[in-house]
Amino acid sequence: MEGFLPHPWWEIWFALSLPVVAYGVHVMGKLVKARRETLPLLAVSGAFVFVLSSLKLPSVSGSCSHPTGTGLGSILFGPGITSVLTIIVLVYQALFLAHGGLTTLGANVFSMGIAGPLVGYVAYKGATKAGLNLYFAVFMAAALADLATYVVTALQLALAFPAATGVLTSFKAFMAIFAVTQIPLAIVEGAVTSLMFKYILHSRSDVLVKLNVVSLKAVQKLREVSV
Amino acid sequence: MLIFGLLFGATAFVASAGVQGLTGSDDKAAGVVSSLSGESYHPWLDSLWHPNSEEERLLFSLQAGIGGLLLGYFFDSRNGKKTTRE
């Protein structure tokens, strides 16, 4: 919501987010120049954020919220590039929908474009290294990226609006809203992202191997299973 | 490609109809701020433009439609290459 975060918090979140977005633009430029074949997957990752974050879905607590769609981008390209994809969506929503806002853009980019994708990226890398099923790793990464986004949002609000008894009390109050609403949506988002990843793996496994998202061995193993 | 755009746009439009009357978690959070401070909280800046609920639904659908067009382009190009190979 425009003007929702008071001074100095909205400036702090801008200061933390801008270097990451600048790094993301730099990495994205280098990637597109060096590996032109990744361009369609970049477009797909951006489109995925565009579609999922536009959906307003009902949840168990009688409230509604949006999925984030950032899990796919974070798995394929990492949090830096995902922060660039996210800022495009957030600017559209701030300008045309009065959803989010330009003054809260820094905080929203940090929670949805940086913290969520970072958690998703670490979860995916950790799960694949631990030898978990590839699609389960994607499911987990996308669901955790969604949940982490809202945990960080709750933290941002708690820091800006501490209760008389402290930040922890506010954090619990905000988490009670976001966590309950978001858990079912995060599960749905994880499942949809897994399906999308499966399609990409079947159609562009060569690019995924080049991006170090999956190993050639894992792709060959999956092909053997499906034959 | 166009079908995907229309499909995603229509899905977002229909889904948003299903949540009319439900409170968004963002709005609930604003309520928590007011209850924590003990007085009604007013943001220090307001958006220049606020769409009404119908306009909001249409703009969210447009957002989904744009994303759908891009996804459709990807699906089309992959299917086209597969068909050509066959």
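Just so it is clear, none of the values below were taken in a lab; they were calculated from the coordinates. All of these numbers come straight from a predicted model, not from anything done at the bench. Neighbour counts are summed over all protein chains in view; Cβ atoms, including those assigned to glycine, are modelled from backbone coordinates with ideal geometry.
List of remarks:
- Comparing A:V219, A:P117, A:A43 along the charge dipole axis of the protein assembly as shown, the residue lying farthest to the positive side is A:V219, per the Cβ-charge model.
- Scattering profile of chain B at q = 0.11, 0.18, 0.20, 0.24 Å⁻¹ [log10 I(q)/I(0), Debye over alpha-carbon scatterers]: -0.52, -0.88, -0.96, -1.10
- Proximal lysines to B:K28, defined as alpha-carbon separation beneath 27 angstrom and excluding residues fewer than eight positions away on the same chain: A:K56, A:K172
- Of the DSSP H helices in chain B, those whose Cα atoms cover at least 15 Å axially and whose Kyte score averages 1.6 or more: B:2-18
- Counting only Cβ charges, +1 for Lys and Arg and -1 for Asp and Glu, the dipole size of the range A:1-143 around its Cα centre is about 480 debye.
- Shown is the FRET efficiency for B:D76 and B:S35, computed with R0 = 45 Å from the Cβ-Cβ distance and rounded to the nearest 0.05: 0.35.
- With only the Cα atoms considered, the protein assembly as shown has a convex hull volume of 136 Å³ per residue.
- Sum of side-chain charges, A:G73 neighbourhood, beta-carbon under 13 Å (Lys, Arg +1; Asp, Glu -1): -2
- With Cα atoms defining each centre, the range A:131-158 and the range B:1-58 are spaced 22 Å apart in the structure.
- Screening chain A for whole DSSP H helices of 18 Å or more along their axis (Cα) with average Kyte-Doolittle hydropathy at least 0.5 returns A:9-34, A:39-52, A:79-96, A:134-160, A:167-210.
- Nonlocal amide H pairs with B:T23, under 5 Å, H built at 1.01 Å: A:C64
- Contact order normalised by residue count of chain B, Cα under 8 Å, 6+ apart, percent: 65 percent
- Taking 0.36 nm per residue of separation and subtracting the current Cα-Cα distance, fully stretching the chain between A:V91 and A:K198 would add 35.5 nm.
- Paramagnetic reach from B:H42 in the range A:139-170 [backbone N under 20 Å; point 7 Å along Cα→Cβ]: A:161
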